[in-house]
Amino acid sequence: EKGTYPHYMLKEMDEQPTVIRKIIQAYEQGEDVTVDADILKALAEADRLYIIAAGTSYHAGLIGKQYFEKIAGIPVEVHISSEFGYNMPLLSKKPLFIFISQSGETADSRQVLVKIKELGYKALTVTNVQGSTLSREADYTLLLHAGPEIAVASTKAYVAQVAVLAVAAYAVAKQLGMELDFDLKQELAIVANGIQTIIDSKDEMEQIAEDYLKIARNAFFIGRNMDFCVSLEGALKLKEISYIQAEGFAGGELKHGTIALIEEGTPVFALATQKGVALNIRGNVKEVVARGANACIIAMEGMEEEGDRLVIPSVHELLTPLVSVVPLQLISYYAALHRRCDVDKPRNLAKSVTVE
Ligand code: M6R
């Protein structure tokens with residue numbers, strides 16, 4: 001039930017700190033967070049992971065790839081489920097397939113699951129719905145513990161997916177005997193507080209939506225490294241519910257084409273949470289501002305500079321997507337409200353896409 005909330009989407013965004021805390025509880029074992037032994041074994045034995053997903057879940061998969069590669073040293077490929085059928089990559093010797101799906105019912109993903117099961121491979125489903133088709137038909141399931149997500153635009157399920165993938169990568173790294181220099185359980189608790197701080201300053205996001213998107217016909221989201229993955233999600237959120245044409249891309253790609261679209265007043269949202277590339281993304285912002293863009297820099301605390309529009313709480317560098325996505329969700333929500341769009345049920349879209 002949405003109770004006193006005007007929209008499910010707003011309620012679900014507000015629930016995000018609680019969702020992170022629930023995930024910590026669900027996966028904690030003593031001082032650590034981990035996953036079941038059979039899943040650990042399957043992950044540890046795989047020589048390559050193939051992540052299959054659609055939409056927002058695909059965007060979570062892009063972050064998951066970085067976790068498994070950077071934390072656990074396991075190579076990962078991420079595929080859009082609808083494309084996988086025609087463009088099946090050459091598989092490694094011991095692949096493990098990971099299906100990420102909030103609903104567990106996405107037909108494009110299921111079609112891949114059926115195919116890889118026929119080929120005799122093992123599958124792990126990361127889903128919010130216990131007993132869903134993708135969960136039943138896979139060998140293993142990791143639950144998101146996000147609670148029902150009703151709004152078509154996925155918000156709390158995305159942060160849950162990213163957090164659960166972090167837990168799985170961290171757990172398998174430990175299983176493989178790797179030395180880890182951070183405590184994920186503690187870092188996730190810091191993330192929950194960071195998200196809460198952003199939720200508590202919603203008015204600021206409403207003002208940003210007003211200042212940057214009120215009359216916009218299009219908008220761009222740029223970032224580098226993990227911020228690039230989050231900019232794809234920011235753009236999807238905005239187009240899905242506000243119908244403003246939006247594109248997310250890597251900052252370095254600007255000069256390879258998209259910069260031609262920058263005009264006087266074009267909104268450009270730039271994320272600056274990744275230490276190694278902060279200067280580069282700020283360079284990109286200068287390039288678009290010189291061509292008239294209305295740039296909104298969202299920087300992580302400790303990396304902010306004079307003139308940045310929003311400073312978000314600092315968290316472990318690998319976990320930045322969990323907090324940087326939240327202002328983008330809220331900005332999209334308010335942009336859609338200003339345009340009197342049906343926030344929870346955008347036109348032409350279904351919550352779970354059960355046709356291929
Ligand atoms: O239920 P799933 O996670 O498999 O759904 C995948 C996409 O249909 C979904 O993420 C979609 O992109 C959302 N509406 C995005 O907000």
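A few notes on this one:
- Any hit, region 71-89, residues being at positive phi, more than 13 Å from the ligand (Cβ to nearest atom), in contact with a helix residue (DSSP H, G or I) (Cβ under 9 Å, 6 or more places away or on another chain) and in contact (Cβ under 8 Å) with a residue 24 or more places away in the chain: yes
- Verdict on Tyr243 being buried (at least 20 other Cβ atoms within 10 Å of the Cβ), among the hydroxyl-bearing types (Ser, Thr, Tyr) and at pLDDT 95 or above: no
- Number of positions in region 123-174 that are farther than 19 Å from Val323 by Cα, of a type in the set (A, V, I, L, M, F, W, C) and not in a helix (DSSP H, G or I): 10
- Hits in region 315-349 - residues which are part of a loop (DSSP other than H, G, I, E, B), under 30 Å from Asp181 (Cβ atoms) and among the hydrophobic types (A, V, I, L, M, F, W, C): Val315
- Cross-chain or 6+ apart pairs with Cβ under 7 Å, region 330-356 first and within 18 Å of Leu213 (Cβ to Cβ), then hydroxyl-bearing (Ser, Thr, Tyr) and buried (at least 20 other Cβ atoms within 10 Å of the Cβ): Ser332/Ser242; Ala335/Ser242; Ala336/Ser242; Arg339/Ser242; Cys341/Ser242; Val343/Tyr333
- Subset of region 214-253 that is under 15 Å from the mean Cα position of the chain (by Cα), more than 16 Å from the ligand (Cβ to nearest atom) and without any contact (Cβ under 8 Å) to a residue 40 or more places away in the chain - its residue that is nearest to Val325 (Cα to Cα): Phe228
- Residue match in region 261-281 (condition: within 22 Å of Ala157 (Cα to Cα), buried (at least 21 other Cβ atoms within 10 Å of the Cβ), polar (S, T, N, Q) and within 16 Å of the ligand (Cβ to nearest atom)): no
- Residue list for region 104-131, filter: under 24 Å from Tyr8 (Cα atoms), more than 9 Å from the ligand (Cβ to nearest atom) and surrounded by fewer than 22 Cβ atoms within 10 Å (Cβ to Cβ): Gln130, Gly131
- When Lys237, Lys286 are checked against the criterion of being charged (D, E, K, R) and buried (at least 18 other Cβ atoms within 10 Å of the Cβ), Lys237 stands alone in meeting it.
- Failed condition for Ile298, given (1) surrounded by 24 or more Cβ atoms within 10 Å (Cβ to Cβ); (2) touching a residue at least 40 places away in the same chain (Cβ under 8 Å): (2)
The values are calculated or read from the model by the stated rules, or taken from the named source; none is laboratory data. As the structure is a prediction and not an experimental result, all values here were calculated from the model. Using ideal geometry, Cβ is built from the backbone for each residue, glycine included, and neighbour counts are taken over all protein chains shown.
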